[in-house]
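Here the structure is laid out as structure tokens; the discussion comes afterwards.
The values are calculated or read from the model by the stated rules, or taken from the named source; none is laboratory data. The model shown is predicted, which means the values in this text are computed figures rather than measured ones. When we count neighbours, we look across all protein chains shown, and the Cβ atoms used for this are built from the backbone with ideal geometry, even at glycine. The accessibility values were calculated without ligands, DNA or RNA, using every heavy atom of the protein model including side chains. Shrake-Rupley method; radii C 1.70, N 1.55, O 1.52, S 1.80 Å.
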Amino acid sequence: MDTAAIFTHFDTLNTEENTVLLLSNHLYQTVSKVWSELPGVKLVYEPLSVQNKEFLDLLSTLDITIKCSNQDLLENLARKQGVVIGTSNLTTSFIKSAFAKGFNNFLTQQSRDVLKITNVLGNEFSQTQEFSKEETTEDILENVQHSSSQSDRQICVGTLQSLQELRSLKDRIMDLKWKLPSDVRLSVELGQEFFQSTFLIATKIIGKEILDGQTSYTVDMSMFEEFACYLDTENNFSVYSRSDSTSYCSLYGNTGDEEDLILEGEMGEVDTGDWILLGNAGLADCRGLDMILLDKDYRVVRPRSPSQAFSNSLDLEFSLLTVSA
């Protein structure tokens, strides 16, 4: 990955923040692959981010239905966004709040969920029936056939955790789509792994120490705090710096404690105040961090909103999203 353009941007970046999150065009390429594998199937995603409205707008730009299961996320959603209300933490106040914002489509799995919503809203809601991906096509079709009639019926066939799993279930999902009644819309939920490798974290070195010939660096976030939410340590995230010369060193969170070790190994030599990039940032999205958009060449897109920065057009032949920035 050519990171030169990113570091050039940080040379002129006037910010008091020591850690920012960069969203790469890989997200668009990943979603476009899903579209090409499952044409006509709606996509649902439950974001970890509840406050970053820019990222939530980005999901809407990609025509991804946002699954909302908590009040904090609900308060940051706009009426224009496609939303389905999850029932994992369903309360009377949450049902009323969602309905007041214009969101009346609920993702239901059990009859008691439907009863709870009915007791609050009467018949003023629609539902997306949620099925396990282990259920057979025949069982789903039979359930749909005997379900209560509504003008806009929708079903969701579980959560897909990766492209590999999607491809293994593709034939069954598409077979179900063709066998469903024409008035029933089919959707699948995307798991967090679909967002793997779509983010980079830029963080600034705030301390440097050499002890027994080995260099130790500290950065302004801690594994004790949010950093652990971003880094997927089991997937060996990558570290990038501007330096071509590398040495064996340690990188710690801001506490400097042994338990706050982020990585130990070869890394480009840097100094206090320099930025480094952490790639393959894990199974999280941009929870609370400032966000910078990157185009397909890792150039910073500025100063545009997500809907302006990227177009939602798919080239089916190449399965790539067209970048309009």
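Things worth noting here:
- Pairwise Cα distances in the stretch 1-150 exceed 24 Å in 48 percent of cases.
- Förster-model FRET efficiency, 41 Å R0, A5 and N89, C-beta, rounded to 0.05: 0.45
- Under a model in which nothing but the beta-carbon of Lys, Arg (+1) and Asp, Glu (-1) is charged, the chain shows a dipole of about 1800 debye around its Cα centre.
- The stretch 71-98-the stretch 124-182 distance, computed between alpha-carbon centres (Å): 23 Å
- Within the chain, the ratio Rg/Rh, alpha carbon atoms throughout and Rh by Kirkwood, equals 1.03.
- For F131, the residues 5 or more places off, or on other chains, whose built amide H falls under 5 Å of its own are C156, V157, G158.
- Considering only I117, T136, Q192, and ranking their Cα positions along the charge dipole of the stretch 109-207 that arises from unit charges at the beta-carbon of Lys, Arg, Asp and Glu, the one farthest toward the positive end is Q192.
- DSSP beta bridges fully contained in the chain are about 50 percent antiparallel.
- Accessible-area value, Y252, 1.4 Å probe, nucleic acids and ligands omitted, Å²: 20 Å²
- Placing unit charges on the Cβ atoms of the charged side chains and taking the dipole of the chain about its Cα centre, the candidate lying farthest along the positive direction among L160, L176, F7 is L176.
- Base-10 log of normalised Debye intensity for the stretch 36-116 (one unit scatterer per alpha-carbon) at q = 0.26 Å⁻¹: -1.32
- Within the straight-line cut-off of under 12 Å between alpha carbons, the aspartates and glutamates reachable from K101 are E75, sequence neighbours fewer than 8 places apart in one chain being disregarded.
- Taken about its Cα centre, the stretch 1-156 carries a charge dipole of roughly 560 debye when the Cβ of each Lys and Arg holds +1 and the Cβ of each Asp and Glu holds -1.
- Label positions at D212 and D257, each projected 7 Å from the Cα along the C-beta direction, are separated by 2.1 nm.
- In the stretch 116-188, Cα pairs under 8 Å separated by at least six residues give a relative contact order of 38 percent.
- FRET E, pair Q110, K170, Förster distance 22 Å, beta-carbon r, rounded to 0.05: 0.20
- Contact order for the chain, expressed relative to its length and based on alpha carbon pairs under 8 Å spaced 6+ residues apart, stands at 24 percent.
- Computed [θ] at 222 nm, deg cm²/dmol, the chain (DSSP H ≥ 4; -39,500 (n - 2.57); rounded to nearest 500): -7500 deg cm²/dmol
- Residues of type lysines that K177 reaches as a straight line, Cα spacing below 22 Å, ignoring anything fewer than 8 places off in the same chain: K33, K42, K67, K133
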